[in-house]
Each structure stands twice: as structure tokens, then as C-alpha cells.
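Report on one structure; see the data block that follows.
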Amino acid sequence: MKRFRTRALHAGSRPDPTTGAHVTPVFRTSTFAYGSFDRGARMFAGEEPGYVYTRIGNPTVRVFEEKVASLEGAEDAVAFASGMAAIAALTLTFLQPGDELAFLGPLYGGTEGLFLETLARFGIEVRDVSEEPPSAWVGPKTRMLYVETPTNPTLRIHDLAQVGEVGRAHGVLTVADNTFATPYLTRPLEFGIELVVHSATKYLGGHGDAIGGVVAGPGEMMQELRMHGLRHVGGAMSPEDAFLFMRGIKTLALRMEAHCDGAEAVVAYLARHPAVARVYYPGLPQHPGHEVAARQMDRYGGMVALELHGGFDAARVFLDGLELFTQAVSLGDVESLATHPASTTHELLPPEVRGRQGITPGLVRLSVGIEDPRDLTEDLEQALARVERSLVS
């Protein structure tokens, strides 16, 4: 098998057979001619490969799917219109009323909202097992074990090998959201996880100009996901977005190295600043998940969280004082971003849930971009100076 950087460029890609175009064209069409009555019937039944309707499959989107599958070491992948569309489709495909989904969090607020609010309306039970021992993760009705690692936003590390082992022992489907780490840093299938999901909007795209999601895993399961979760729910990725994601993936390895370099410089600065009560980053030796992260991550990523002395007011002063970091949700862009999870991405969670998960009023999440790390630390320095002045005034 070719190495990661080579596969990021070449996996799934081939010159267009009609024109010879080196870069995959954008096939902007809703429908495809299938030639004959019998062939159309076989294709709609999923018995013969080919394209019939872009909601189910599109040649541009297909190259993106093949590229992600290769990078994750999966047999196949299915793309969706957003990360949430991907998560919704896979849960609705592989769970049914009476089943239980157990998750290890904290999770992205939208994911947790989908699990606790929407799935409950369909008779699917949801249980947070984040603080439970592995022996308690799976109950008699558990059919799916879902994990983020690193988690959003506190960068907690869960042991993927342990999750995979528990899933196999009980015949439970295991799913890992690999958005924060990307396949460049962690490949969950190598640790026994069955399905991997991404918000492609983040690091895979990398430039903040496209929305999409993708699930990768065994070929038979991906076919089921395509024919049910994609065809019936309808959250299809556009070919234009697939084109942008493929372009982004070409530089994923290079960008992730720069993100990691920047994050390490930022963490080193924040860890010694008196206005910062705590820094969350799995690369820190004192991080409670550091040893596990060292086993399952090649580096520790571009996401950093910090807890400020002074709580909510300090977070507001800090964020409004940033000049190079842009206040915005999302993450993984080449430009650095900063947000206050308790009032944005996780605002819909009940306060007691946020408190239990460490999403405090003083918590700030940074998505460290690829700017010069010296400029990033200088921006943090001047914003934290404002925090210090506010604390003594």
C-alpha cells in the first residue's frame, strides 16, 4: 500500500475517460441515463454498480468517498451533506426502536442533541457511559457504542482499542468520530472500530468553504448505508463540495503538521500564563489521557482548550480581545478560530450536563491554524493581558 501523502493525492483519482482531464471534473447533473429497462432496474435495486441519481451517487462524490476510504483503511465510504447528516443516517440505518445507543463523551453538542432528543422520539434509548467502567458500557439492549476521541470540546481521550474490544465481545457496532484527529493522526479501524465518521467540513476540507460529512467502514455496511440512510434520508453531498474536499485532502498531511506545530507552541505558552487555570491538550504529559493518546495518535492535533481564571467574564474579555484568532464556530480551517462552547456549540445542553462534562463558563476552545506560531502566541499574549487587567479592575 502506498503511503499516506501519496494516497491523499492519488487514491480514487484517475484521468477522466472522456476528456483526459487530470483533475476530477465536477459532474453537475441530477440524473444519469442508464441505457436500458433491465439495467435501470438492477441499478436501482443495488445489484449493479453505476449512477442513476446524484442523491444516491455521483462520479465526483465517488472519488472523494474512495479517497477517504483509502486514508482510513476502510473498504468503502459514503458521503453526506454534513457531518450531522452522516451521523443521523448511520444511526437511523443501523438502529431501530427498542435498541440502545451508548456513548463515550463529551460529544459535539449537535451530536448529543440528536442522540438525546431526536432518537428518543423514534424509540431508541441513549445512555451516556462516559464515567462508567468498560464492563458497564454494554447492556442487554445496546446495539451501538459511539465515541469521540479527542472529544469536543475538552479533548478527553478514550481508548479506541478498548472500545473495539468491548464491541467485539458483545457483538455491538462501534463508531468513532475521527473529526478532531483526522486519519493523518489516528485511524480508528486499526484499533478494532467498525465505522468511522467525519465532519468533512473541518480538517478534511480545511479551508472553511464547504459543508459535508462521510462515513467509512466495511463494504457491505456501506452499501446498506447508501441504499437506506442516504437514499431514504436524502442528505446527499453536492459534487461541488466533493470537489473542494478532494482539493483539501491533497494537502491534509502538510496542513496537519502545521496545525500540530502551532498547537504545541500555543500550549507551551498558555501552560505558563497566570491568567490560565488549565490547558486541555493530549500532548501534555499531565493530560489524563496522554499515555493512551501516545498509543493511538501520531501527533496530538491542532485543537486546544483552556480554562480561564475569572469564568464567563474573563472568557468574554479574552475572546473579544483576540485579533488574529477569529471568533467563529467550526474548526480545522487554515485560519485560527476561537469559540466559547458554553454559549455556542454546546449552548443547547442543560447546564448540569455542561458542568458534568467540564464545559464551564470559563472554557475557550481554540482551533489553531497554520499561521506562524509566533504570531499566534503574540495574539494570545495581548488578549490575556486584557484579561489580567480586567481581573484587577
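Nothing in this text is a laboratory measurement; each read-out follows from the coordinates by a stated rule. This structure is a prediction, so every number in the text was calculated from the model and none was measured. All Cβ positions, even for glycine, are placed from backbone atoms using ideal geometry, and neighbour counts span all protein chains on display.
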- Item | Gyration tensor (Cα) of region 151-301, equivalent ellipsoid semi-axes in angstrom | 29, 22, 12
- Message: Over all directions, how big on average is the projection of the convex hull of the alpha-carbon atoms in region 225-380, in square nanometres?
- Response: 11.6
- Label Glu388 and Arg39 with points 7 Å out from Cα along Cα→Cβ: what is the distance between them in nm? 7.2
- So which GluC sites (Glu not before Pro) in region 1-86 end up in coil per DSSP with only 12 or fewer other C-beta atoms within 10 Å? Glu47
- Working from the pairwise distances between different alpha carbons, so that the mean of 1/r is found and then inverted, what is region 161-248's Kirkwood radius in Å? 14.1
- Item | Computed over the chain: relative contact order in percent, which uses C-alpha pairs under 8 Å that are six or more apart | 17
- Message: Under a Cβ-only charge scheme (Lys and Arg +1, Asp and Glu -1), can you give me the dipole magnitude of the chain about the Cα centre, in debye to the nearest 20?
- Response: 640
- Of Glu307, Glu257, Glu132, which has the largest mean-square fluctuation in a 10 Å C-alpha GNM of the chain? Glu132
- Item | Relative counts (whole %) of C-alpha pair distances in region 63-213, using bins that are 10 Å wide | 11, 44, 37, 8, 0
- Task: Using only Cα atoms, locate the centre of region 328-372 and the centre of region 293-320, then give the distance between them in Å, rounded to an integer.
- Result: 8
- Query: If all Cα-Cα distances of the chain are sorted into 20 Å bins from 0 onward, what percent lands in each bin, rounded to whole numbers?
  - Reply: 28, 56, 15, 1
- log10 of Debye I(q)/I(0), alpha-carbon scatterers only, for region 234-277 at 0.13, 0.27, 0.34 Å⁻¹: -0.53, -0.90, -1.04
